[in-house]
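See structure below.
The values are calculated or read from the model by the stated rules, or taken from the named source; none is laboratory data. Computed from a prediction, not measured in an experiment: that's the story for all the values here. Methodologically, a virtual Cβ is constructed for each residue, glycine included, from the backbone with ideal geometry; neighbour enumeration extends over all protein chains shown.
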Amino acid sequence: MKNNRCLLSSVCALLLYSACTPTPTNVSEATQPLVIYPDYQDITVPCNIAPLNFMMRDETVDALDIQISDREGNTLLHLNARGRKAIWEAEGWRQLLSTHIGDSLYLSLTARSDGQWLRYPDFGWFISADSIDSYLTYRLIEPGYEVWDNVVIEERCTESFDTRLLADGRQLGNRCMNCHTHGGNRGQYSFFHLRGKDGGTLLNRNGKLRKLALRNSTMQSGAVYGDFHPSGRFAVYSNNVIIPAFHSQANRRLEVYDTTGDLCVTDFDNNRIDNFTTASQLMTFPCFSADGQWIYYCSAPNPYGDTIPSANDLVDKIQGLHYALYRIPFDETTGKMDTSAPERVDDPQLTDRSVNFPKCSPDGRYLLFSLSDYGTFPIWHKETELCLIDLSTGQIVNCHTNGTYHAWCHNSQWIVFASKREDGQYGRAYYAHLETGSSAADIRLSKPLVLPQADPEHDDMNLRSYNIPDPSTMAMPFGQKEVKFMLEGTKAEAFE
Amino acid sequence: MFITMQRKSIRIAISAGLLLLLVLIGIPAYYWIRYPYQLQYAEQTSLSTKPWQPLLLLMQSNPDERTERLLAVDCEAYHGNWKKVQQLTYADQGSDFLAFYHNLALAYQGLLADSLMHHYAPFERALFLPVDETGSYQTFLAASEAWWAVGDMTMAEHATMLGLIFSPRHTGTRALRRLAEINIAQGDSAAAAKYLRILKTCPQHRRWAEYKTSQLTGLQLQDGADTLRLSRQYQKSLRNVLDNNPMHQIAHEYLLCLDLLIKDLESFRQDVERYGHSTGRVYEEAILILMANDEALREKWHDYVSADTYQDFTRFNMIAQQNESIALLRQFEGTYWFYFKFAKRNEK
């Protein structure tokens, strides 16, 4: 009896304590700008994204009061909490977004610091009618250069905080895995490479998994960067010998370059490879156009002509390597590339910049690429910017947004990309909305928003990069168990 | 009888309690006293928020005497106790790890050029431990100490990062502190802030992290010419440091000693011409070898070497011509001439 009374008293005390979250009194206007992480101030928000939890950077804040109102000033959502983190309740959040599509919302934030309540300037959220793809896969890898430990490929539901592992390096003999890439506009096709003994390219087409050895006698290496043909029957890959090198200048850190780079198209139905090999060019980052009739790729002249340079030879010439964007026709009926006359697509005036990672929008309207000072490793270049080509007019627009390893959502309205903009070390996944106007000059990307996390402090504590985020509208029909079976229990199919 | 039984039960309970207490205190105390360096290392390679966590990690890791010895050297080096490092590593011949730390200790004390040949010298591994798939997190963290000492922040960060990645828990206060320090040295406040935020969650490191955070305001990114190099282009890295900072004594010594250890006398000549050289027995010995094939240089020998060294070299050549290898070993084992003539790489 006595114990029950003690327990009841404790529970009541706890409830009383939590019910008594401090509310703003004697509020003053803040003199310092509001600094929150992630920076979700004045952004366009997809209508189906998980709650945008954030926190104040000021560590002295011990209570928050946030009101979300509409244009008329009606309070739609109110959050009053201890600590410096704003964590939105999931159901209330979903309700907010779904009932205010196309609306602008205003957040009014008051925070208590050292006993004093401060009111910060309001900021806005525009709820876009365009949704993002419901899933995102990415490789989680530490920025370790050359060696790795426990690389994973993870799939995240972007409408919640659910994640699951598609491939776990520790279960797979700590192999290197190269990034999971979707195709088919909905994600019904995908592949990734499992390196090392018994490895291969794991291909998923409509739920059926195969392990493929994508290399023939012509190729200097196995398949590396790739993209699906819209039919799902073909894929185009580069095959590169990749070498890491190190900058001496502060915060530039790593550079990765190719000593060889060729292209190939694989026919998954007939297990054949069509090669495009030329020693005088270093080719990489191929992708198909939305209609599958063209292959876009990046190419730079080999400083050593037809001789394959050694890593030592080329390391001093990397800063002079400028990749340009080309395209060649692809014939779906024969499965072959027409390599007779590659056509340069980007601005020939860009002789002192390097084009990387072209990706065509699913609606065929645009091509997105990243532009950096030189080389073929834009993620480590702080000056890298995303640029768009309007494929109907050929006009190039610089979006002035730092990012790369980008991909389009199925509706061609949102893009996702990786950037190390926060700390220069750890890449995170960002979404940005494509905003168009009456002319190409009006095209821009909205202010990027980082993939939200259940705990906004997650990114601070995280010591792995989100590498090559790739969206899809459907969850992958396989997981760790199937990948382990494919690695250990099947032989890679040969291609010729 | 009942009272007797009760007293007996109480005595048994007290004895059991005392025994339990002995075990709960005794076993941890045993580890703490017997393996102090492995305990330190357990703390360094984890992110402990409670003081007893490193002890638990140590007890789980099966500590042993050999690891204790190696980590004693590593921990003393981490704390900058170079005399102690020199003492702990002197007697051991045949370990790359210990040779590496021995030379680093000598370099910090300005003794490398005089004592380079007095210890096991596995070519470039005597100065730089490789940071590749052959290493472990212990060698990666150790390797970063050399890069930090010679002032190459990118390579120091690379090695530290790998030490972090391959440590048992993919984290560690030592690596995080070093990463913060590296980025502060380079003026990269955003990267430094990342690591300092994590360190603030550890009570033992919070004050240090808060102090360092206060230093981030107004930090400017370091300027300088940019050079690209592969991870094993040690000479290129060192020359780059010296081009940007000609007064960097440890980088200077490391460059010249590296040239000698890999028997690249032509690079040694060029580096001496470009960056000069300080006094050091090993440099005199190398210059004499260069002089053997350079008459113009030979005529000026007294500008570069002492009379004693010259005499020793004359004697060495005399005995070498007689093919008296044992005599050479006995009299000249600690010289560069002996190393130059006999040292061969073990390709395995």
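Per-residue answers, yes or no, for (1) surrounded by fewer than 17 Cβ atoms within 10 Å (Cβ to Cβ); (2) within 14 Å of another protein chain (Cβ to nearest Cβ); (3) part of a strand (DSSP E or B); (4) not hydrophobic (A, V, I, L, M, F, W, C):
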position	(1), (2), (3), (4)
A:L140	no, yes, yes, no
A:P143	no, yes, no, yes
A:R156	no, no, yes, yes
A:R164	yes, no, yes, yes
A:A167	no, no, yes, no
A:R170	yes, yes, no, yes
A:R175	no, yes, no, yes
A:H180	no, no, yes, yes
Run A:I443 past the list (1) within 14 Å of another protein chain (Cβ to nearest Cβ); (2) modelled with pLDDT under 95; (3) touching a strand residue (DSSP E or B) at 6+ places or on another chain (Cβ under 7 Å) and report the number of the one that doesn't hold. (1)
Go through segment A:206-240 and give me each residue that's assigned to a strand (DSSP E or B) and either among the hydroxyl-bearing types (S, T, Y) or without any contact (Cβ under 8 Å) to a residue 40 or more places away in the chain (or both). A:K208, A:Y237, A:S238, A:N239
Scope segment B:213-230; condition within 30 Å of A:G320 (Cβ to Cβ) and more than 7 Å from chain A (Cβ to nearest Cβ); matching residues: B:Q220, B:D223, B:A225
Find all pairs meeting these conditions: Cβ atoms under 9 angstrom apart; at least six residues apart or on different chains; first residue within segment A:287-302 and on the phi > 0 side of the Ramachandran plot and surrounded by fewer than 24 Cβ atoms within 10 Å (Cβ to Cβ); second residue assigned to a strand (DSSP E or B) and not basic (K, R). A:G292/A:F234; A:G292/A:F330
Reported set for segment A:297-337 where residues are among the hydroxyl-bearing types (S, T, Y) and part of a strand (DSSP E or B) is A:Y297, A:S299, A:Y326
Give the residue, chosen from B:L112, B:L98, that is of a type in the set (A, V, I, L, M, F, W, C), more than 14 Å from chain A (Cβ to nearest Cβ) and touching a Cys at 6+ places or on another chain (Cβ under 8 Å). B:L112
Only residues that are among the aromatic types (F, W, Y) and away from every other protein chain (no Cβ under 14 Å): list them for segment A:229-264, please. A:F234, A:Y237
Top-ranked residue in segment A:307-339 [being without any contact (Cβ under 8 Å) to a residue 24 or more places away in the chain and of a type outside the set (D, E, K, R); ranked as nearest to the other protein chains (Cβ to nearest Cβ)]: A:N312
Quick check, is A:G226 of a type outside the set (K, R) and either within 14 Å of chain B (Cβ to nearest Cβ) or in contact with a strand residue (DSSP E or B) (Cβ under 9 Å, 6 or more places away or on another chain) (or both)? yes
Unique match (being in contact with a Lys or Arg (Cβ under 9 Å, 6 or more places away or on another chain) and under 27 Å from A:A235 (Cβ atoms)) among A:D149, A:D168: A:D168
Residue check, A:R84 within 14 Å of chain B (Cβ to nearest Cβ), over 20 Å from A:G200 (Cα atoms), buried (at least 19 other Cβ atoms within 10 Å of the Cβ) and in contact (Cβ under 8 Å) with a residue 12 or more places away in the chain: yes
Would you check if B:L106 is surrounded by fewer than 24 Cβ atoms within 10 Å (Cβ to Cβ), touching a Ser or Thr at 6+ places or on another chain (Cβ under 6 Å) and either at pLDDT below 90 or not in a loop (DSSP other than H, G, I, E, B) (or both)? yes
Subset of segment A:219-235 (residues that are of a type outside the set (G, A, S), within 21 Å of the chain's Cα centre (by Cα) and over 19 Å from A:T404 (Cβ atoms)): A:F228, A:H229, A:P230
Can you tell me which residues in segment B:184-196 are at the interface with another protein chain (Cβ under 7 Å from one of its Cβ atoms) and surrounded by fewer than 20 Cβ atoms within 10 Å (Cβ to Cβ)? B:G187, B:A190
Give me the helices (runs of 4 or more DSSP H) completely within segment B:1-91, filtered to those with at least 2 residues that are of a type in the set (V, I, T), ordered by residue number. B:2-34, B:65-78, B:82-90
So the check is Cβ under 8 Å with 6+ separation or different chains; which pairs have a first residue in segment B:86-97 that's in contact (Cβ under 8 Å) with a residue 24 or more places away in the chain and under 15 Å from B:Q138 (Cβ atoms) and a second one that's of a type in the set (S, T, N, Q) and surrounded by 14 or more Cβ atoms within 10 Å (Cβ to Cβ)? B:F97/B:Q138; B:F97/B:T139
